[in-house]
2 protein chains.
Amino acid sequence: MKKGCPYGTHRVIEPIGVLPQTAVKIDNSMEIYDNEILIDVKTLNIDSASFTQIEEQAGGDEAKIAEIMMGIVRDRGKHQNPVTGSGGMLIGVIEKIGPALEGKIDLKVGDKIATLVSLSLTPLRIDKILNIKKDIDQVDIEGKAILFESGIYAKLPSDMPEKLALAALDVAGAPAQTAKLVKPGDYVLILGAAGKSGMLCCYEAKKRAGVTGKVIGFVRAGKEAERLKQTGFCDIVIEGDATQPVDVLNKVLEATGGRYVDISINVVNVPNTEMASILPVRDDGTVYLFSMATSFTKAALGAEGVGKDVNMIIGNGYTKGHAEITLQVLRENETLRKIFEEVYA
Amino acid sequence: MKKGCPYGTHRVIEPIGVLPQTAVKIDNSMEIYDNEILIDVKTLNIDSASFTQIEEQAGGDEAKIAEIMMGIVRDRGKHQNPVTGSGGMLIGVIEKIGPALEGKIDLKVGDKIATLVSLSLTPLRIDKILNIKKDIDQVDIEGKAILFESGIYAKLPSDMPEKLALAALDVAGAPAQTAKLVKPGDYVLILGAAGKSGMLCCYEAKKRAGVTGKVIGFVRAGKEAERLKQTGFCDIVIEGDATQPVDVLNKVLEATGGRYVDISINVVNVPNTEMASILPVRDDGTVYLFSMATSFTKAALGAEGVGKDVNMIIGNGYTKGHAEITLQVLRENETLRKIFEEVYA
């Protein structure tokens, strides 16, 4: 059996020397190396920015969505959207564990897991697309995938339905980072606050900012905004368009009585919302960019262009304990759990 | 006199609601609003990518270059290259200061400044093109420009040649951020250490990390690497290819005796160096991404993909005092000043 690199570089076909995520094409043959785990895939949970793009490209047609997805995996050996660069995650059952890992990890054949590394670096083979759930960005398939030694995962918890856990784990990074970032008394602006990731972030932000802080949820007008208001997670809910930065700034300042926020968290799933995240933040404040639709240059040059001395952080999908932190939110908050059950699971 | 928005949105013609940089067309009439500054422009310092494109389109012909430049400004009201999207900066003399700003800023009529915001958002009128210096991407003109209230600038220092100051101001953000970030005892990895920005960062990093810290410069083998070694700014200089992350990691660990670095600073000017910046950093360490070739998704998903809990920061071209910090480096270090005089000015 061949020996693999912990980061999976042994599967990179092009260009040589890079990591699987950067690679244009990786080897998705399903014969495992000594430190790999073979997964029998049940469900793909496509990243929201990616799914939105694919759905638009397909004009909403399911057969076309399936065709685009099969094409991506055929070309790249992984489900990395060539437009957004992003992936998603998967649920599956452990089918085989390489001998170099066996007994050293807390997994055994038959365990059901969710991978917490992106599909954009996961060797994947789709044999058949069974069911496309457009409302929750999930696709049931027949297929196989490989988890590398450095890959992170979560065993699905026994005290909640699988789809519920998956829906939360998919965005586990953002609320866990929010929990670490927000301090008592902070004013926190959350753009895209009514989305899945947004609501978890609002909940965590409120918990940490406390009674002396303020959580301001910015959302598009509509049903989701109403739902967010009913949760009570936000002190203020503002309705508007996050691609109109000056309008966002004015609305936020109006709501806070002229005070700039300490932290903005962007979990919007459309492009061109960088400046709306930057303008309302005070000098030396923090802009936390979690949307996969974020442009690095638009953020960097945009902040410079308006002379804003803010700390802009790239949302890292991983932080220690992120799966636990996020699942715990669903356990401790009945309102959120009900919404997740109704909408995402 | 009309009241303006600090960010210059009052000059946006198309599309409405965006900031001047995003706009396709802005108003370049030279009647100032109450919070604007009118500049008598002497020299445009065209962004290198933009100038190269214009020169190629013109087949190197100076009359054609002038024609293309006049056309850009006529169409857009600013010198934003429609192909590259980029701008540059300008040198000029303050001609008028709006009453809402007068006395509140450290500028007076007659001061000579360099704008530190991009030409891609600066209202500009070119009356005449006087001289095109193809070797340094500079164009002397007769014309006027507007600086918005939020626009940043630097007064040109009297103790060094204009071109030397410009060469340093062009990359002022990175060394100033380095100065703020690096603490005594830190191990700092600088990727692209022998470039203009890289050398300034190495110098600042060593000053801050002190004798208990270590500055590790990572560079491509060659003449520049030799020059960097001679400066003595780095404790260790490693030669290699920053697009090969696993190789970078191994070389860094070998050089430090197995210790991961606290901070990595990326000022490389080629794509696909995100992972080389992430892998060598310790848990909870900082990855500072200053290269405009950085991909947001490659960084975000890449760190998650290898389970790295690191703080990834988008290099903001602006931070308070960045021009002063950077010019000061040239004043206090003879070696660096000589290199800048020889190579960049």
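So who's got an amide H within less than 5 Å of the one on A:V215, skipping anything under 5 residues away but keeping other chains? H placed 1.01 Å off N, in plane.
The answer is A:V188, A:D235, A:I236.
Could you work out Rg/(2.2 N^0.38 Å) for the protein assembly as shown, with Rg from alpha carbons only?
The reported ratio for this selection is 0.98.
Of the trypsin sites (Lys or Arg not before Pro) in the stretch A:1-93, which ones lie in a loop per DSSP and count no more than 13 other C-beta atoms within 10 Å?
Within the stretch A:1-93, the qualifying trypsin sites (Lys or Arg not before Pro) (loop, at most 13 other Cβ atoms within 10 Å) are A:K2, A:K3.
With the Cα gyration tensor of the stretch B:175-222 giving a ≥ b ≥ c as the square roots of its eigenvalues, does the rule (a/c under 1.5 for rounded; else a/b larger than b/c for prolate; else oblate) give rounded, prolate or oblate?
Oblate shape, in that a/c is at least 1.5 and b/c is the bigger or equal ratio.
State the answer as a single residue: which of B:L156, A:G213, B:N333 lies farthest towards the positive end of the charge dipole of the protein assembly as shown, with beta carbon charges of +1 for Lys and Arg and -1 for Asp and Glu, about the Cα centre.
A:G213
Keeping all protein chains in position, work out how much accessible area A:R282 exposes to a 1.4 Å probe, and write it in Å² to the nearest 10.
My reading of the accessible area for A:R282 is about 90 Å².
Counting alpha carbon pairs within less than 8 Å and at least 6 residues apart, what relative contact order, in whole percent, applies to the stretch B:9-156?
After rounding, I find 31 percent.
Can you check what the Kirkwood hydrodynamic radius comes to for the stretch B:173-343, Cα pairs only, in Å to one decimal?
Taking every pair of different Cα atoms in the stretch B:173-343, averaging 1/r and inverting gives 15.7 Å.
Relative contact order, percent, of chain B when contacts are C-alpha pairs under 8 Å separated by at least 6 residues?
Value for chain B: 13 percent.
Give the residue from B:F233, B:G305, B:V246 lying farthest towards the positive end of the charge dipole for the protein assembly as shown; charges sit on Cβ (+1 for Lys and Arg, -1 for Asp and Glu) and the dipole is referred to the Cα centre.
Sorting the options by dipole projection puts first B:F233.
Given a cut-off of 29 Å, name the pairs among A:K3/A:K134; B:K96/B:K134; A:K144/B:K298; A:K112/A:K134; B:K25/B:K128; B:K25/B:K133 whose C-alpha atoms lie farther apart than that in the structure shown.
A:K3/A:K134; B:K96/B:K134
If you line up the long axis of helix A:296-305 against the longest principal axis of chain A, both from Cα atoms, how many degrees apart are they, to the nearest 10?
Tilt of helix A:296-305: around 20 degrees.
Is there a quick way to get the dipole size of the stretch B:9-156? I mean about its Cα centre, with the Cβ of Lys and Arg at +1 and of Asp and Glu at -1; what is the value in debye to the nearest 20?
My answer is approximately 160 debye.
Once the Cα gyration tensor of chain A is found, what semi-axes does its equivalent ellipsoid get, as square roots of 5 times the eigenvalues, in whole Å, sorted largest first?
After scaling each eigenvalue by five and taking roots: 35, 21, 19 Å.
Can you give the FRET efficiency for A:M70 and B:E239, using 1/(1 + (r/R0)^6), R0 = 56 Å, r = Cβ-Cβ distance, to the nearest 0.05?
0.80
Roughly how many nanometres apart are two label points built 7 Å out from the Cα toward the Cβ at B:D140 and B:E324?
Roughly 3.3 nm, to one decimal.
On full extension of the chain, what length is gained from A:K2 through A:L130, given 0.36 nm per residue of separation minus the C-alpha to C-alpha distance?
42.8 nm
Non-local amide H neighbours of A:V117 (under 5 Å, H modeled in plane, Pro and chain starts lacking H): which ones?
Here the answer is A:I152, since their amide H atoms fall under 5 Å of that of A:V117.
Using label points projected 7 Å from each Cα along Cα→Cβ, tell me how many nm separate A:E226 and A:K104, to one decimal.
5.5 nm
Eigenvalues of the Cα gyration tensor times 5, then square-rooted: what semi-axes does that give for the stretch B:9-156, in whole angstrom, largest first?
One finds semi-axes of 25, 18, 12 Å for the stretch B:9-156.
Straight distance only, please: which aspartates and glutamates reach the Cα of A:K214 with their own Cα at less than 16 Å, same-chain residues fewer than 8 apart left out?
A:D186, A:E204, A:D235, A:E254, A:D262
The values are calculated or read from the model by the stated rules, or taken from the named source; none is laboratory data. The model shown is predicted, which means the values in this text are computed figures rather than measured ones. So basically every Cβ, Gly included, is an ideal-geometry build from the backbone, and we count neighbours across all protein chains shown. Ligands, DNA and RNA are stripped out before the accessible areas are found, and what is left, the full protein with its side chains, is counted by its heavy atoms. Shrake-Rupley method; radii C 1.70, N 1.55, O 1.52, S 1.80 Å.
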